[in-house]
Amino acid sequence: MGRHMGRATYKGTSTKAILHHYDYLGDFYRLFLGPELVYSHAMWEDGDTLETAQMRKLDHHVQAAGAVGAERLLDVGCGYGALLHRAVQRHGVRHAVGLTISPAQAAWAAKQQWPGCEVRTENWFDHRPDGPYDAIIAIEAVEHFAGETLWRARRVSRYREFFRRCHGWLRPAGRLSVQANAWTRYGWLGSMMLPAERFAPGGAGRHRLGLRDLAGAWANARDGLRASRTVFPECFVPTRSELTEAAQGLFRVIAERDDPQDGVRTTESWLAGAEANRERGAELIGRRAVEDILNQQRTTLRFLREGRATILRLVFEKV
């Protein structure tokens, strides 16, 4: 799949970058993601394990998208197919289609031979459905849609192409449930560079910047860029306003959640599992790659704890 074929035909994160993250590094992730291999932030309640919190998250999206008992469901960025299986087995979906451009994920899902589930190794940009969908779900997939461009207008344009495609694929009044890692209202630059006090309740405007804040901003930029380069190449975390602006005229937002603590608890669980499997991981992907992942997870955890980032859940309805 082409990566830079002109602005109008940009297809998101390249196959090469996807293979690096989900196929090569994925050998390590599979050691600690849990039995269903769900690689997105869970939805937690007291007493949960990672597995039960992940199932709650999948149930939430199926229900939010209005897909319970649906004839056809599309999961964009389906990973190893856990949502497809859950939707069919637990929620009565007749036919669930998942899209991934990771051959390893598609091969694993195909081996499960789940009835009613179809996984395609296919970019959403190239997707041609057999018929309209009743509901669409995209869990932590939009981070792959805009590439590394720093220009907000270009990112919004690329998100809009996704919303435009979904609008065409859905039945009238169909729903799209989206989950994304998201920056605060300050955008990517402010979210990384402003002092942590700015993100505390009532903290806006109360803190005068000093040399220590500049040092912290530099450290955030360094750690964030390193994570992007080594673990998540060609990815960009959106803001809420970028997504809602991109959907204007196509969808209306009917529900939303801002769940940073779900990000904290999931990342804490992943980090503990990654550290426990460090030696085995070094055998699979090399010690340096394991350390890159651990550093990325520590950075993500810090950003979530400080309020620089959140887990955003939006439900859109076709207009």
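The values are calculated or read from the model by the stated rules, or taken from the named source; none is laboratory data. Note that this is a predicted model, so its numbers are computed, not measured. Because the Cβ atoms are built from the backbone with ideal geometry, glycine has one as well, and the counts that use them run over all protein chains shown. In case anyone asks, the SASA skips ligands and DNA or RNA and just uses the protein heavy atoms, side chains included. Shrake-Rupley method; radii C 1.70, N 1.55, O 1.52, S 1.80 Å.
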(request) Can you tell me the relative contact order of the range 212-319? Whole percent, Cα pairs under 8 Å, sequence separation 6 or more. (result) 44
(message) Using a Förster radius of 25 Å, what is the FRET efficiency between Lys16 and Glu118 based on their Cβ-Cβ separation? Nearest 0.05, please.
(response) 0.45
(message) If I take every Cα pair under 8 Å that is 6 or more residues apart in the range 82-153, average their sequence separation and divide by the length, what percent do I get for the relative contact order?
(response) 26
(request) Can you tell me the relative contact order of the chain? Whole percent, Cα pairs under 8 Å, sequence separation 6 or more. (result) 22
(message) Using a probe radius of 1.4 Å on heavy atoms only, what accessible surface per residue do you get for the chain? Whole Å² is fine.
(response) 45
(request) Work out the length of the dipole vector of the chain about its Cα centre, built from +1 on the beta-carbon of each Lys and Arg and -1 on the beta-carbon of each Asp and Glu, and round it to the nearest 20 debye. (result) 980
(request) Could you tell me which label, among [x] 20.9; [y] 22.5; [z] 20.0, carries the value of Kirkwood radius over Cα pairs in Å calculated for this structure? (result) [z]
(request) Find which of Gln248, Leu312, Thr52 sits farthest along the positive direction of the dipole of the chain, computed with +1 on the beta-carbon of Lys and Arg, -1 on that of Asp and Glu, about the Cα centre. (result) Gln248
(request) Report in % the part of the accessible area of the range 177-319 that belongs to carbon and sulfur, leaving out ligands and nucleic acids; probe 1.4 Å. (result) 53
(request) Select from Ala153, Gln179, Asn277 the residue farthest towards the positive end of the dipole of the chain; place +1 on Cβ of Lys and Arg, -1 on Cβ of Asp and Glu, and compute about the Cα centre. (result) Ala153
(message) Placing +1 on the Cβ of each Lys and Arg and -1 on the Cβ of each Asp and Glu in the chain, which of Ala289, Leu31, His167 has its Cα farthest towards the positive end of the resulting dipole?
(response) His167
(request) Express the carbon and sulfur contribution to the solvent-accessible surface of the range 81-134 as a percent, rounded to the nearest whole number, probe 1.4 angstrom. (result) 46
(message) Rounded to the nearest 20 debye, what is the charge dipole size of the range 109-215 about its Cα centre when +1 sits on each Lys and Arg Cβ and -1 on each Asp and Glu Cβ?
(response) 480
(request) At 7 Å along the Cα-to-beta-carbon direction for both Gln89 and Glu256, put a label point, then send me their distance in nm to one decimal. (result) 3.4
(request) Run the dipole for the range 58-145 about the Cα centre, Lys and Arg Cβ at +1, Asp and Glu Cβ at -1, nothing else charged, and hand back the magnitude in debye, nearest 20. (result) 260
(request) Given the options Gly81, Gly174, Gly131, state which has the largest fluctuation in a GNM of the chain using a 10 Å cut-off (strictly under) for Cα springs. (result) Gly131
(message) Helix-only mean residue ellipticity at 222 nm, the chain, DSSP H runs n ≥ 4 weighted -39,500 (n - 2.57), per residue, nearest 500. What is it?
(response) -13500 deg cm²/dmol
(request) Restricting to the chain, compute how many DSSP beta bridges are antiparallel as a %, nearest 5. (result) 45
(request) Please build a GNM for the chain, connecting alpha carbons under 10 Å apart, and tell me which residue among Val231, Val253, Val178 fluctuates the most. (result) Val253
